[in-house]
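The values are calculated or read from the model by the stated rules, or taken from the named source; none is laboratory data. Just so you know, these numbers come straight off a predicted model, no measurement behind them. Ideal geometry is used to build each Cβ from the backbone, glycine not excepted, and the neighbour counts take in all protein chains shown. Remember, those area values only see protein heavy atoms, side chains included, never the ligands or the DNA or RNA. Shrake-Rupley method; radii C 1.70, N 1.55, O 1.52, S 1.80 Å.
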Amino acid sequence: MSDRYASFANSGAGRALVKRLGLPDPPRLRRYRPGDPLVPGPVLFDAAPGGRLREPVTKLLTSAGVELTDPPSTETRTADTTSADTTTGGGIRHAALVYDATGVTDSAGLRPLYDFFHAYARSVLPSGRVIVLGTPPESCAAPREATAQRALEGLTRSIGKEFGRGITAQLVYVDRTAGYAIESTLRFLLSGRSAYVSGQVVRVTDPGTGDEGDRERIDWDRPLAGKVALVTGAARGIGTAVAQVLARDGAHVVALDVPAVGDLLADVANDIRGSAVQLDLTASDAPARLADQLGDRHGRVDIVVHNAGITRDRTIARMDAGGWDSVLAVNLSSQERINDLLLYRDLIPAGGRMISVSSIAGIAGNRGQTNYATAKAGVIGLVQSMTPVLAERGITINAVAPGFIETRMTARMPIGLREAGRRLNSMAQGGLPVDVAETIAWFAAPTSAGVTGNIVRVCGQSLLGA
Ligand code: NAD
């Protein structure tokens with residue numbers, strides 16, 4: 001769906017008018033195109049005293065072809081704060097600022113973060129990236145350390161709201177032994193693949209695959225080669241984008257949707273050389289039929305993406321029971337029933353990836369969407385409760401929670417609500433289906449073994465919800 005206001009605001013005449021009238025100014029976002037470098041400029045990386053990620057991050061970024069610029073020593077920076085150009089970082093424009101805050105053990109230790117971001121805030125290029133690395137507060141034995149680490153959330157989320165110009169900011173909590181497991185996450189967050197992801201807190205655990213692992217052999221352009229991926233609701237919207245991105249990354253995609261959109265589905269599947277399954281997920285025999293097909297044709301399924309969803313909006317007083325039941329059945333129960341049977345039949349091998357599509361409505365709630373928000377909050381519960389169970393089988397599970405994404409679903413919204421959804425976020429625009437798809441592809445990658453139990457919003461840091 002097209003956002004005419006954003007096109008106008010980015011045109012020659014529009015830009016001037018938007019500035020003069022102080023209207024929302026949606027920047028053009030940097031999105032990934034195959035062959036692009038990871039970042040379009042140098043990255044400034046610094047660490048608080050005692051930071052434990054200096055070595056892995058330096059190695060990982062260098063091996064990804066990133067040009068790292070050294071920060072001046074703290075003394076120079078402090079002495080410099082009176083000069084006019086320190087807030088542009090001494091003249092260098094950075095594609096990203098990365099800060100290792102794992103060494104911060106109390107609130108006084110947060111001061112170096114102020115020094116760093118104060119000095120370099122204005123040096124970040126449009127669509128640049130800010131990444132703060134911390135230690136999960138729940139793993140800190142000392143209350144003061146846990147407190148300081150938790151404080152990083154406020155800093156990062158505020159930077160996301162302050163910097164503007166399509167710049168994103170995230171906090172990544174890295175388990176004490178996880179080191180090199182952050183590679184896929186660092187790459188995703190730095191790249192144009194995370195264009196519409198901002199203000200998020202991501203957790204990376206230790207997948208127990210050793211230190212530097214087999215990094216040399218990773219094909220970052222086709223990380224899913226040889227994998228079989230199921231995508232539900234693939235005939236249009238976000239599901240189609242997910243199928244396309246997973247196929248681009250090398251997977252064989254089994255695209256599923258209801259028989260009523262069989263033609264659309266066949267087009268999607270043919271286009272990506274995948275296969276199509278026509279199935280209504282709410283049918284009582286749907287899990288068995290799906291498991292039979294996956295088992296017979298592929299013997300397994302490595303990546304399961306539960307994307308199919310419907311809305312039937314009404315306030316609860318006006319909602320009939322059918323509107324409640326159908327939304328719960330498609331958006332939540334079908335995911336549980338399919339997961340249970342695929343796991344029971346051992347069709348998801350170790351290294352498997354389960355990914356659910358939730359919604360910011362499942363986090364914030366929404367007027368007229370008690371049914372939908374209940375189902376989508378349930379999806380978050382499903383991910384959280386299944387995380388430890390699946391970890392024992394070497395399978396990860398995560399969810400994306402999209403905000404306002406330009407699809408048929410949002411095109412049907414009343415215009416007032418639609419404009420509010422589009423503008424009330426740090427990017428002043430809606431996201432595209434590909435933004436959700438890229439986030440799912442990051443979860444799906446074999447290199448994301450340490451990424452599990454996460455609920456990541458793809459919402460441009462929407463003002464709705466936490
Ligand atoms: P869409 O309506 O364009 O696509 C949903 C697809 O799911 C359709 O192709 C539909 O046929 C399929 N589907 C519905 N019921 C099914 C069933 N019983 N069996 C099999 N397939 C079924 O929606 P979309 O905007 O692409 O949304 C995709 C997912 O993202 C949904 O789960 C939705 O709730 C979620 N989401 C979307 C937005 C947004 O802004 N568009 C925001 C938050 C969450």
*Identify, among Ala350, Pro446, Thr407, the residue whose Cα sits farthest towards the positive end of the charge dipole of the range 223-458, taking +1 on the Cβ of Lys and Arg and -1 on the Cβ of Asp and Glu, with the dipole about the Cα centre.*
Thr407
*Helix-derived mean residue ellipticity, 222 nm - over the chain, DSSP H n ≥ 4, -39500 (n - 2.57), to 500*: -11500 deg cm²/dmol
*Which FRET efficiency value, to the nearest 0.05, is calculated for Arg393 and Thr69 with the Förster distance at 30 angstrom and r the Cβ-Cβ distance?*
0.10
*Kirkwood hydrodynamic radius of the range 22-204, Cα pairs, Å*: 16.5
_Which order do you get for Ile131, Ile380 if you rank them by accessible area with a 1.4 Å probe, largest at the top?_
Ile380, Ile131
_Surrounding net charge for Ala321, when Lys and Arg each add one and Asp and Glu each subtract one, Cβ distance under 15 Å_ = +1
_Which of Trp220, Trp324 is most accessible, then next, and so on - probe 1.4 Å_ = Trp324, Trp220
*asked:* Run the Debye formula on the Cα coordinates of the range 252-333, all scatterers equal and no solvent, and tell me log10 I(q)/I(0) at q = 0.13, 0.15, 0.18 1/Å.
replied: -0.50, -0.63, -0.84
*Name the GluC sites (Glu not before Pro) in the range 338-442 that are in a loop by DSSP and that have at most 14 other C-beta atoms within 10 Å, would you?*
Glu392
*Where does the charge balance sit around Ile455 when Lys and Arg score +1, Asp and Glu -1, over other residues with C-beta under 13 Å from its C-beta?*
+3
*What does the accessible area of Ile397 come to, in Å² to the nearest 10, when a probe of 1.4 Å is used?*
0
*Using the Kirkwood radius over Cα pairs, work out the Stokes-Einstein diffusion coefficient for the range 362-407 at 10 °C and 1.306 mPa s, in µm²/s as a whole number.*
133
*Taking every pair of alpha-carbon atoms in the range 223-458, what share in percent sits in each 10 Å bin, from 0 to the bin with the longest distance?*
8, 34, 39, 16, 3
*Roughly how tilted is helix 262-271, in degrees to the nearest 10 and between 0 and 90, from the longest Cα axis of the chain?*
50
*For the chain, which longest stretch is free of loop sites, where a loop site is one of the trypsin sites (Lys or Arg not before Pro) that DSSP puts outside H, G, I, E and B and that has at most 11 other Cβ atoms within 10 Å?*
1-272
*What is the distance, in nm, between label points placed 7 Å from the Cα along the Cα-to-Cβ direction at Arg297 and at Ser11?*
4.5
*Hey, what's the chain come to in accessible area per residue, 1.4 Å probe, Å²?*
42
*Where does the charge balance sit around Leu382 when Lys and Arg score +1, Asp and Glu -1, over other residues with C-beta under 12 Å from its C-beta?*
0
*By what distance, in whole Å, do the Cα atoms of the chain stretch along each of the three principal axes, largest value first?*
70, 55, 43
*Report the extension gain between Arg4 and Asp271 in nm, rounded to one decimal, defined as 0.36 nm multiplied by the number of residues separating them, less their alpha carbon distance.*
93.3 nm
_Surface accessible to a 1.4 Å probe, Phe45 within the full protein complex, Å²_ = 10
*Relative to the first principal axis of the alpha-carbon coordinates of the chain, what is the inclination of helix 334-344, with its axis defined by its Cα atoms, in degrees from 0 to 90 and to the nearest 10?*
90
*Once amide H atoms are built 1.01 Å from N in the peptide plane, which residues 5 or more positions from Leu133, or in another chain, come under 5 Å H to H?*
Tyr99, Asp100, Ala101, Val172
*Measure nothing fancy, just the Cα-based angle from helix 12-21's long axis to the longest principal axis of the chain, in degrees from 0 to 90, nearest 10.*
70
*Return the FRET efficiency for the residue pair Ser326, Asp219: r is the Cβ-Cβ distance, R0 is 51 Å, and the value is rounded to the nearest 0.05.*
0.75
